[in-house]
Amino acid sequence: MKVTPKLLLRVYKALRTKYGHLKWWPGDTRFEIILGAILTQNTSWTNVEKAIAALKKRGFLKVEAIHQMPERELAGLIRSAGYFNIKANRIKHFTNYLYQTYHGSLSKMFQRPGNLLREELLAVKGIGPETADSILLYAGGKPFFVVDAYTKRVFSRHKFFRVTSSYGQVQAFFMTRLPSDTRLYNDYHAQIVNIAKTHCFKNQPDCDSCPLNFLFCL
Ligand code: SF4
């Protein structure tokens, strides 16, 4: 199937019409969104929420507080997110980078041009493309399309690309066809996650009631 920019927008409109704007990313501050992006690696969002709540309850959802906190203490507080030692280490690597490069200021960090900041984030231990792009898009308001396993599952089923396509290939697929629009990228990714969780299951997708089943008729 030839996937035109118009078709990709039609897909988004079908999802948006059905579910409305999904108002991602859940989080009150940019730092909370960044922590969520790291904590959500290999775990469900419910578990992330518990970890964030534990930090919030103690007033630790601040860059300086996390930067000064011993790594072991942080690991204990985020235990519910799973892989807590690894994730505490990743969070500390991020705050170390933030202090060394931007004196702990997220505002200064996000003043950096998107492509250059993306390279810096990818050089921080434990931050891969999906986490970096989630930070850039949802915390920084920069137009980078976020790709995940759901994106590959949903659209490979319609032969937009292969399920084995790389992160960069899938991201380029969207970013070369869609306008460079932060608000669109924000909600498009949210809609993909939502449709994967409600219809496009790993086994036995529920196509009959899915708003994207028109794609089979094209
Ligand atoms: S559930 Fe079916 S129609 Fe919906 S996105 Fe998945 S494969 Fe397509």
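Positive end of the dipole of the chain (Cβ unit charges, origin at the Cα centre): among PHE31, ASN89, THR151, the Cα lying farthest that way belongs to THR151. Basic side chains Lys and Arg get +1 at the Cβ, acidic Asp and Glu get -1 at the Cβ, and with that the dipole of the chain about its Cα centre reaches some 360 debye. In the chain, taking the dipole from charged Cβ atoms about the Cα centre, the farthest positive-side position among PRO129, LEU98, HIS21 is held by HIS21. For the range 100-149, the calculated P(r) over all alpha carbon pairs, in 10 Å bins from 0 to the bin holding the longest distance, is 27, 61, 12, 1 percent. Cα-based values for the chain, radius of gyration first and Dmax second, are 18.1, 57 Å. Between GLY104 and TYR99, the built amide H atoms are under 5 Å apart, and every one of these is 5 or more places off in sequence or on another chain. Neighbours of GLN100, meaning other residues whose beta-carbon lies under 15 angstrom from its beta-carbon, give a summed charge of +2 when Lys and Arg score +1 and Asp and Glu score -1.
If you place +1 on the Cβ of every Lys and Arg, -1 on the Cβ of every Asp and Glu, and leave all else neutral, what size is the dipole of the range 1-90 about its Cα centre, to the nearest 20 Debye? Present the calculation step by step, with values, prior to reporting the outcome.
Numbers: 17 positive and 6 negative charges, 127 e Å.
Using only the charged Cβ atoms, the result is roughly 620 debye.
The HN-Hα couplings worked out from phi for the range 47-63 by the Karplus form 6.51 cos²θ - 1.76 cosθ + 1.60 (θ = phi - 60°) are 5, 5, 4, 5, 5, 5, 4, 5, 6, 5, 4, 9, x, 9, 7, 10, 4 Hz, whole numbers, x standing for Gly and Pro.
With all projection directions averaged, the alpha carbon convex hull of the range 1-77 covers 7.6 nm².
DSSP loop (so not H, G, I, E, B), at most 15 other Cβ within 10 Å: list which trypsin sites (Lys or Arg not before Pro) in the range 50-101 pass both filters. Write out the running numbers ahead of the final one.
Numbers: sites: LYS50, LYS56, LYS57, ARG58, LYS62, ARG72, ARG79, LYS87, ARG90, LYS92; in loops: ARG58, LYS62.
Passing sites in the range 50-101 are ARG58, LYS62.
Count the net charge of all other residues whose Cβ sits under 14 Å from the Cβ of THR40, scoring Lys and Arg as +1 and Asp and Glu as -1. That works out to -1.
Only Cα pairs under 8 Å and 6+ residues apart enter the sum, and on that basis the relative contact order of the chain stands at 23 percent.
Extent along the principal axes, Cα only, for the range 48-140: 34, 24, 20 Å, with the longest axis given first. Phi angles across the range 23-29 convert, under the Karplus curve 6.51 cos²θ - 1.76 cosθ + 1.60 with θ = phi - 60°, into 3J(HN,Hα) values of 6, 7, 9, x, x, 7, 9 Hz, Gly and Pro given as x. The equivalent ellipsoid that matches the C-alpha gyration tensor of the range 107-218 spans semi-axes of 28, 14, 13 angstrom, in descending order. A simple rule links phi to the HN-Hα coupling: the Karplus curve 6.51 cos²θ - 1.76 cosθ + 1.60 with θ = phi - 60°, which for the range 75-86 gives 4, x, 6, 9, 3, 5, 7, x, 6, 5, 5, 5 Hz, with x for Gly and Pro.
Values quoted throughout were computed directly from the atomic coordinates according to the rules given, and no laboratory measurement underlies them. As the structure is a prediction and not an experimental result, all values here were calculated from the model. Glycine gets a Cβ as well: all are built from the backbone with ideal geometry, and neighbour counts include every protein chain shown.
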